[in-house]
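Student: First the structure, then my questions, so here it is.
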Amino acid sequence: MEDTRHRLVRSLTPAKFRTGTQLGAILGLSRAAIHKHVQALVERGLPIHRVPGRGYRLADGVVLLDERAITSRLSPRARALLGGIKILEEVDSTNAELLRTMESHPMNCRVCLAEKQTAGRGRRGRRWLASPYRDLMMSIGIEYPQWPERLPSLGLVTGLTMIKALECFGAQGLMLKWPNDVLHEFKKLCGVLLDVTGEAHGPCRVIVGIGLNVSMSSNQSWSIGQDWVDLATITGQAVNRNAIAAQALNLLLPVFQSFPSDGFDPYLSDWRRVDALKSRAVTIHAADGTMIDGTAAGIDESGRLWVTRDHGAVTAFSQGDVTVRVR
Ligand code: BTN
């Protein structure tokens, strides 16, 4: 069933209509079966135009994720590092899927993308909502032979590198809100989730999940519950998700490779350039549930956020959520 739907999706383009009979001939199905599958795909979120007498086509601007379109844009360095790429029509979560795959088939720099997530995960146990076939949901699995020092700062490095990748598509004014939210005018554009498994002092596996709002549907935006923005709005144009995925991999894979020896130091000046919290009044929602008010005072080489408390003491946080306060 999934395979049939996958082949049906791949038989549609925005360029021309195909009738149910034509699609049926391609896939070896009846017109009625095509109609049923189209219905199911529309319910899944695929924007399909249906015109009686003319048939079906993808809505304008819809570009499906495509392995060849991604790998053909990879630099020689990224291609050499890439440990395989899988594109799924639907999955619970690309991070969860990669955790399962890496368990049985460990391989450095394995990549998983999905057109739709049914249980997308955000930081701190939250859900991640994204528009199927419009946004980017991508996870990268990394195998480190030893637990890298300052591993939590890998999330910050990922956020910074995503900013560089998005600047290549004309996005300007992007900022990073500690620890790794990419913002535009204080609206969320991209989030990063790290899942880490392994023994202290032994090998370590990291799944880096990236959720990017590329061209979020207005239906989806109602349920997000926070200010958000998408790349199409920032740049004023449609951006091909395959090109974004490729550029992200071109920059991220070498960075992940050199992270154990480089650490966070080489990224500190980049961080200062895009620090969304610089000198802001903030409330830290710490991992243990406490809330602390203060003024953000930058981060250190471990990626910890320093906060000058309202009574003058200075405290460093390695985890938590930040709300910016209006003074
Ligand atoms: C955040 O809360 O800001 C992190 C969001 C991370 C979402 C991405 S989408 C791809 C990957 N799969 C998931 O289930 N989550 C991450």
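Student: Return the distance in nm (one decimal) between the two label points of a simple spin-label model at LYS187 and THR233, each offset 7 Å from Cα along Cα→Cβ.
Tutor: Simple spin-label model gives 0.2 nm for this pair.
Student: Using packing as a proxy for protection, rank 91-103, 252-264 so that the peptide with the highest average count of other Cβ atoms within 10 Å comes first. Numbers along the way, then the final one.
Tutor: On the way: 91-103: 19.8, 252-264: 18.2.
Packing proxy ranking, top to bottom: 91-103, 252-264.
Student: If you don't mind, there's one more thing I want to ask. Among the listed pairs LYS36/LYS188; LYS164/LYS278; LYS16/LYS188, which have their C-alpha atoms separated by more than 31 angstrom in this model? The partial results should precede the final answer.
Tutor: Numbers: LYS36/LYS188 36 Å; LYS164/LYS278 19 Å; LYS16/LYS188 35 Å.
Pairs exceeding the cut-off: LYS36/LYS188; LYS16/LYS188.
Student: Now for a separate question. Take THR118 and GLN22, extend 7 Å from each Cα along the Cα→Cβ direction, and tell me the distance between the two endpoints in nm.
Tutor: Once both label points are built, they end up 3.2 nm from each other.
Student: Given 5 Å bins starting at zero, what is the percent of C-alpha pairs of region 224-327 in each, up to the one with the largest pair distance?
Tutor: 2, 10, 14, 16, 16, 16, 14, 8, 2, 1
Student: With +1 assigned to the C-beta of every Lys and Arg and -1 to the C-beta of every Asp and Glu, and no other charges, what is the dipole magnitude of region 179-327 about the Cα centre in debye, to the nearest 20? Intermediate results must be reported in sequence, preceding the final value.
Tutor: Details: 12 positive and 16 negative charges, 75 e Å.
Magnitude of the dipole: close to 360 debye.
Student: Projected area of region 67-122, taken from the Cα convex hull and averaged over every viewing direction, in nm²?
Tutor: On the way: hull surface 17.1 nm².
With every direction weighted equally, the projected area is 4.3 nm².
Student: In the chain, what percent of the accessible surface is made up of carbon and sulfur (1.4 Å probe, ligands and nucleic acids excluded)? Let's see the in-between values first.
Tutor: Working: 7560 of 15130 Å².
On the chain, the fraction of accessible area on carbon and sulfur atoms equals 50 percent.
Student: Hey, what number do you get for the chain at 222 nm if only DSSP H runs of n ≥ 4 count, each worth -39500 (n - 2.57), divided across all residues, to the nearest 500?
Tutor: On the way: 11 runs with 106 residues, N = 327.
Counting only the DSSP helices, I get -9500 deg cm²/dmol.
Student: Given the convex hull of the Cα atoms of region 83-190, what is a quarter of its surface area in nm²? Don't skip to the end; give the middle numbers.
Tutor: Details: hull surface 30.7 nm².
That works out to 7.7 nm², a quarter of the Cα hull's surface.
Student: So for region 12-87, considering every pair of alpha-carbon atoms, how many percent are separated by more than 19 Å?
Tutor: Details: 1387 of 2850 pairs.
Across region 12-87, Cα pairs with separations above 19 Å total 49 percent.
Student: Could you work out Rg/(2.2 N^0.38 Å) for the chain, with Rg from alpha carbons only?
Tutor: Values: Rg = 21.3 Å, N = 327, 2.2 N^0.38 = 19.9 Å.
That works out to 1.07 for the chain.
Student: Next question. Measure nothing but the geometry: give the 0 to 90° angle between the long axis through the Cα atoms of 153-167 and the longest principal axis through the Cα atoms of the chain, rounded to 10°.
Tutor: 50
Student: Relative to the present Cα-Cα distance, how much length would full extension add between ASP262 and ARG100 at 0.36 nm per residue of separation? The partial results should precede the final answer.
Tutor: On the way: separation 162, 0.36 × 162 = 58.32 nm, distance 2.88 nm.
Full extension of this stretch gives 55.4 nm more.
Student: So what is log10(I(q)/I(0)) for region 104-146 at q = 0.30 1/Å, when the Debye sum runs over its Cα atoms only?
Tutor: Calculated log10 I(q)/I(0) at the listed q: -1.03.
Student: Sticking with this one: Treating only the Cβ of Lys, Arg, Asp and Glu as charged (+1, +1, -1, -1), what charge dipole size does the chain show about its Cα centre? Round to the nearest 20 debye.
Tutor: On the way: 40 positive and 32 negative charges, 251 e Å.
Dipole of the chain, to the nearest 20 debye: 1200 debye.
The values are calculated or read from the model by the stated rules, or taken from the named source; none is laboratory data. Keep in mind that this is a model prediction, so the values were computed, not measured. In this analysis, Cβ positions are derived from the backbone assuming ideal geometry, glycine residues included, and neighbour counts consider all displayed protein chains. Side chains included, ligands, DNA and RNA excluded: accessible areas come from the protein's heavy atoms. Shrake-Rupley method; radii C 1.70, N 1.55, O 1.52, S 1.80 Å.
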